[in-house]
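The values are calculated or read from the model by the stated rules, or taken from the named source; none is laboratory data. Here the structure is a predicted model, which means the values were calculated and not measured. Here the Cβ positions follow ideal geometry from the backbone for every residue, glycine too, while neighbour counts run over all protein chains shown. The accessibility values were calculated without ligands, DNA or RNA, using every heavy atom of the protein model including side chains. Shrake-Rupley method; radii C 1.70, N 1.55, O 1.52, S 1.80 Å.
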Amino acid sequence: MGTLLRKILIANRGEIAVRIIRACRELGTRTVAVYSEADREALHVLMADEARLIGPPPAQESYLSIERIVEAARASGAEAIHPGYGFLSENPAFAETCRAAGLIFIGPPPSAILAMGDKTEARRLAAKAGVPMVPGTMDPVGTDEEAQRIAREIGFPVMVKAVKGGGGKGMRLVRDPTGLAPALRLARSEAKAAFGDPAIYLEKYLEAPRHIEIQLLADTHGHVVYLGERECSIQRRHQKLIEESPSPLLDEPLRRAMGEAACRVAASAAYVNAGTVEFLVGGDRRFYFLEMNTRLQVEHPVTEMVTGIDMVKEQLRIAAGEKLGYEQEDIRRLGWAIECRIYAEDPFNNFLPSPGRITGLSVPGGPWIRDDSGVYEGYEVPIYYDPLISKLIVWGRDREEAIRRMTRALGEYQVRGIKTTLPFHQAVMLHPDFVAGSVHTHFVETKFTNEETTRDGRHEQIAIIAAALHAYQRAQRPAPPPAPPSSAWRASFRPGREDSRWS
Ligand code: ADP
């Protein structure tokens with residue numbers, strides 16, 4: 001498969017930048033990495049064909065600087081920019097600036113990012129497309145009095161949410177009228193700090209729903225297809241930790257209903273490229289539109305594993321103006337895939353970040369195992385960015401085999417020098433409710449904490465996680481000493497690289 005894109009800049013770092021480089025290398029597209037001063041030795045910098053320093057460690061001055069990134073693209077002669085996820089990926093001004101500078105933005109048009117980035121606007125679009133949604137407001141809420149009135153109408157508990165929200169920020173659960181005013185205050189100030197906009201809206205709070213999302217691809221010729229669903233109910237602080245495809249809950253009729261609803265949402269925003277429509281699904285199997293993410297998602301590999309479609313390559317082809325070249329009925333799914341997000345975090349201490357040097361690393365292998373990593377042995381995980389270091393993805397013929405394979409792979413995975421979420425994942429794979437496919441968004445809270453520790457905000461784990469840690473530690477063998485980083489070793493990551501800083 002050839003592509004029309006000759007050279008692209010990747011406006012990201014870590015595992016997702018590495019993932020994009022890999023797709024480009026297979027396509028014959030040259031890659032330009034950008035990096036901050038904290039990332040001089042990051043894997044994406046070592047692997048890309050070229051690399052450009054764009055600023056100091058704080059993301060505001062590097063990975064979030066539209067000006068510096070567009071300048072790096074111009075100077076390197078890249079034709080297009082892939083934003084990855086996070087950072088500038090859902091910033092309409094960035095997409096617009098790329099376009100104005102004559103660069104292809106590998107993602108949707110700025111108008112679609114703008115519409116879906118405003119959650120009340122997204123709700124209006126979904127309503128117009130006839131897609132059911134969580135009861136709540138279609139406009140931002142003004143005064144506290146108005147909020148009280150609406151909350152009573154919707155009925156407590158309610159969720160206060162940031163209009164420009166993302167990453168679980170600016171979200172507050174309110175169980176009764178007295179809790180509303182303080183929650184509004186907190187959510188507004190958090191939203192202002194995180195998104196520069198204090199606007200909030202209200203939604204009915206669903207008790208223990210599932211989070212199930214539909215992956216879409218849309219080309220510039222008006223074709224939209226859905227690539228099935230991902231179950232993302234294993235979350236902490238409203239952020240995903242484990243994802244799988246398919247969902248244990250869905251059958252073919254429900255999958256089709258949700259898939260077609262997602263396609264209608266995309267069409268209503270004249271959507272192009274890869275996107276995801278997220279839904280909450282109740283115990284009664286009714287589904288409700290939650291939001292649309294206008295970018296590649298962290299959990300895209302589980303979809304790739306069951307459909308055989310390389311989504312990053314599809315993104316590049318779509319951006320180059322190619323047709324999808326297949327219809328909905330051509331999309332086939334086979335087997336079951338699970339992803340565990342491996343964060344540099346301490347699962348025994350409320351998932352506190354655990355940056356530092358990786359002194360030993362041994363990654364799993366064998367059939368149907370995929371390790372999408374952004375790190376290597378000897379690498380120091382910086383304090384400045386998201387602590388996701390890797391994603392472990394497995395495929396199995398069915399869910400049982402996938403769980404067994406994941407358990408085996410997690411047992412082989414060893415990271416020394418920093419704490420990671422590996423033992424947490426081990427414990428989940430062994431948990432009877434997870435094994436039974438009976439999951440919801442409060443699974444982690446309810447199964448891995450006890451009341452006492454939840455009340456004071458600390459998340460000490462119950463016996464099962466301790467037992468899993470024991471098993472995990474017992475299984476560990478001494479890791480080999482870290483390899484001294486030699487220039488030859490570094491160079492081996494970068495075949496054909498022009499820049500000679502390392503040689
Ligand atoms: P963000 O954009 O900040 O990630 P989302 O709207 O996607 O926020 O919600 C993230 C998670 O928060 C969901 O997966 C779910 O666990 C929880 N959540 C959001 N809205 C509701 C709701 N109305 N009822 C129950 N849980 C919710």
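Structure data summary
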read-out	value
Heavy atoms of Y384 accessible to a 1.4 Å probe, total area in Å² rounded to 10	120
Distance from the stretch 337-397 to the stretch 1-65 (C-alpha centre basis), Å	19
GluC sites (Glu not before Pro) restricted to the stretch 230-260 and DSSP loop, no more than 12 other C-beta within 10 Å	none
Charge dipole of the chain about the Cα centre (unit charges at C-beta), most positive-ward option of M47, Q60, Y384	M47
Whole-number D in µm²/s for the chain (Stokes-Einstein; Kirkwood sum over Cα pairs; 20 °C, 1.002 mPa s)	91
The stretch 81-187: trypsin sites (Lys or Arg not before Pro) in DSSP coil with no more than 14 other Cβ atoms inside 10 Å	R175
Within straight-line cross-link reach of K419, aspartates and glutamates at Cα separation under 13 Å, skipping those fewer than 8 residues along the same chain	E345, D346, E380
In sequence order, calculated HN-Hα J values of the stretch 312-325 (Karplus, 6.51, -1.76, 1.60; Hz; x Gly/Pro)	5, 4, 4, 4, 5, 5, 5, 4, 7, x, 6, 7, 4, x
Ratio of Rg to Rh over the stretch 7-106 (Cα coordinates, Kirkwood Rh, two decimals)	0.92
FRET efficiency, E400 to R256 (Cβ-Cβ, R0 30 Å, nearest 0.05)	0.75
Calculated FRET efficiency for the pair R6/H238, C-beta based, R₀ 51 Å, to 0.05	0.80
Coil-residue trypsin sites (Lys or Arg not before Pro) of the stretch 366-405, DSSP, other Cβ within 10 Å capped at 15	R397
Average accessible surface area per residue within the stretch 12-76, 1.4 Å rolling probe, Å²	34
Vicinal HN-Hα couplings computed from phi for the stretch 257-266 (Karplus, 6.51 cos²θ - 1.76 cosθ + 1.60; Hz; Gly/Pro x)	4, 5, x, 5, 4, 4, 5, 5, 4, 4
Whichever lysines have a C-alpha closer than 17 Å to that of K7, once near sequence neighbours (fewer than 8 apart) are set aside	K313
Solvent-accessible surface (1.4 angstrom probe) belonging to T421, in square angstrom, nearest 10	0
Solvent-accessible surface ranking, highest first, for H440, H300 at 1.4 angstrom	H440, H300
Segment R22-R357, length gained on full extension (0.36 nm per residue, minus Cα span)	118.1 nm
Karplus-derived HN-Hα couplings along the stretch 71-80 (A = 6.51, B = -1.76, C = 1.60, θ = phi - 60°), whole Hz, x at Gly and Pro	4, 4, 5, 4, 5, 8, x, 6, 9, 9
Of all DSSP beta bridges in the stretch 210-475, antiparallel share, percent nearest 5	100
Helix-only CD estimate at 222 nm, as mean residue ellipticity for the chain, using -39500 (n - 2.57) per DSSP H run (n ≥ 4)	-10000 deg cm²/dmol
Extended-chain gain in nm, criterion 0.36 nm per residue less alpha-carbon gap, A75 and R175	30.6 nm
For K169, residues with placed amide H under 5 Å, excluding near neighbours	none
Under 13 Å from K323, Cα to Cα: aspartates and glutamates that are on another chain or at least 8 residues apart	D219, E314
The stretch 147-207: Cα Rg divided by the 2.2 N^0.38 Å rule of thumb	1.01
Under-5 Å amide H pairs with E291, H placed in peptide plane, nonlocal only	E278
Estimated FRET transfer efficiency when R0 is 22 angstrom, pair R99-D197 (beta carbons, to 0.05)	0.40
Equivalent-ellipsoid semi-axes of the stretch 210-475, from the Cα gyration tensor, Å, largest first	32, 21, 17
Viscosity 0.692 mPa s, temperature 37 °C, Stokes-Einstein D of the stretch 192-325 from Kirkwood C-alpha radius, µm²/s	209
Portion, in percent, of the accessible area of the chain that falls on carbon or sulfur, probe 1.4 Å	53
